[in-house]
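Data block below; observations after.
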Ligand code: SF4
């Protein structure tokens with residue numbers, strides 16, 4: 001039997017007889033739900049994405065509800081999931097479909113691909129799952145399975161390698177049942193041919209798997225570039241004045257874009273906080289021509305958050321500004337009750353939960369971490 005036919009047959013047999021991976025969006029035919037799950041799953045593990053998917057379906061059971069929701073509210077629901085541009089695109093696209101396309105979801109691969117936040121992988125997934133169109137998904141799971149089974153050692157992160165894998169994926173696709181095939185290869189990569197410790201002993205492809213036969217499982221797939229890691233140190237200033245707290249929206253194209261934060265300074269290395277605090281606070285007061293006296297209430301222990309390409313360290317410095325002084329203008333001043341409706345990065349919610357607000361004796365209204 002032709003090797004690609006063998007691969008397809010083994011994969012589908014496994015899918016229909018042994019694949020018991022449970023996911024809330026599996027077998028889903030509603031295109032809104034499929035699209036929502038695929039956007040959530042970009043750069044997110046299925047286990048983490050599941051609770052967000054359920055949360056979104058509960059809050060916005062239809063695309064109309066999502067389109068009509070205020071953006072801030074949608075961000076609040078997305079809080080903690082990261083890659084916040086996805087959230088903005090999700091809301092934009094819902095509005096486009098509801099208000100411009102009269103609620104009709106595009107139903108060809110090309111028109112789906114034109115939607116904001118949809119790349120070739122997501123377009124193939126939506127096309128095949130919702131409309132039965134013959135497009136093969138190619139993501140990290142697929143690279144891994146194909147690379148190991150067929151022994152392809154072209155780098156998966158190089159243009160040429162991507163092309164080779166795309167073509168191979170299309171040749172393996174079951175055009176009569178692209179939805180089942182795509183689901184099968186994604187699940188197979190997630191539960192059998194896993195990145196670490198693949199279950200080769202019980203694998204149905206073992207007999208003809210290149211990597212297994214050649215003892216090259218750990219060597220495939222190949223990556224050309226090593227991802228650069230960087231570390232960032234943030235000093236967040238929780239400024240309190242008359243029971244209100246200073247916040248600002250992050251507008252830069254960076255982590256946490258469009259979420260709220262406390263005024264902060266970023267450093268490329270760990271700083272002695274005493275020097276930094278004095279300098280930073282006087283800078284803000286000077287900019288606003290304010291001679292306010294202030295009292296440092298407390299400094300939290302630094303928290304660490306590992307993102308895919310960066311390590312973030314965050315320390316909160318709690319400062320009480322003199323009452324009845326004029327407020328620093330370029331910050332928004334919010335009551336604790338108002339803070340609870342604003343979307344914050346996970347690390348700031350963690351800091352808030354680390355008793356920041358209790359220290360200001362505002363303990364009845366600590367923001368609950370939503371994730
Ligand atoms: S034998 Fe191992 S490496 Fe080959 S497809 Fe199966 S799980 Fe993957």
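A short reminder: the numbers here are calculations on the coordinates, not readings from a lab. Worth saying up front: this structure is predicted, and the values here are computed from it rather than measured. Cβ coordinates were reconstructed from backbone atoms using ideal geometry, including for glycine residues, and neighbour counts include every protein chain displayed.
Side notes on the structure shown:
- Tilt relative to the chain, helix 120-131 - C-alpha long axis, 0 to 90 degrees, to 10: 70 degrees
- Shown here is the pair-distance distribution of the chain: with all Cα-Cα distances grouped in 20 Å bins from zero up to the longest one, the shares run 25, 46, 26, 4, 0 percent.
- Extension gain, residue 308 back to residue 71 (0.36 nm per residue minus Cα-Cα distance, nm): 82.8 nm
- Estimated [θ] at 222 nm from DSSP helical runs (n ≥ 4, -39500 (n - 2.57)) normalised by residues in the chain, nearest 500: -12000 deg cm²/dmol
- Under 13 Å from the residue 21 label point (7 Å along Cα→beta-carbon), backbone N, the stretch 139-180: 139-146, 180
- The stretch between residue 282 and residue 242 holds 12.4 nm of extra length on full extension. This uses 0.36 nm per residue minus the Cα-Cα distance.
- Calculated diffusion of the stretch 3-219, Stokes-Einstein form, Kirkwood radius summed over Cα pairs, 37 °C and 0.692 mPa s, µm²/s: 180 µm²/s
- Once the Cβ-Cβ distance of residue 228 and residue 102 is raised to the sixth power relative to R0 = 45 Å, the FRET efficiency obtained is 0.50.
- In the elastic network of the chain, a GNM with C-alpha springs shorter than 10 Å, the most mobile of 316, 158, 257 is 158.
- Using C-alpha pairs below 8 Å separated by at least 6 residues, the relative contact order for the chain is 16 percent.
- The stretch 106-124 and the stretch 16-79 have their alpha-carbon centroids 17 Å apart.
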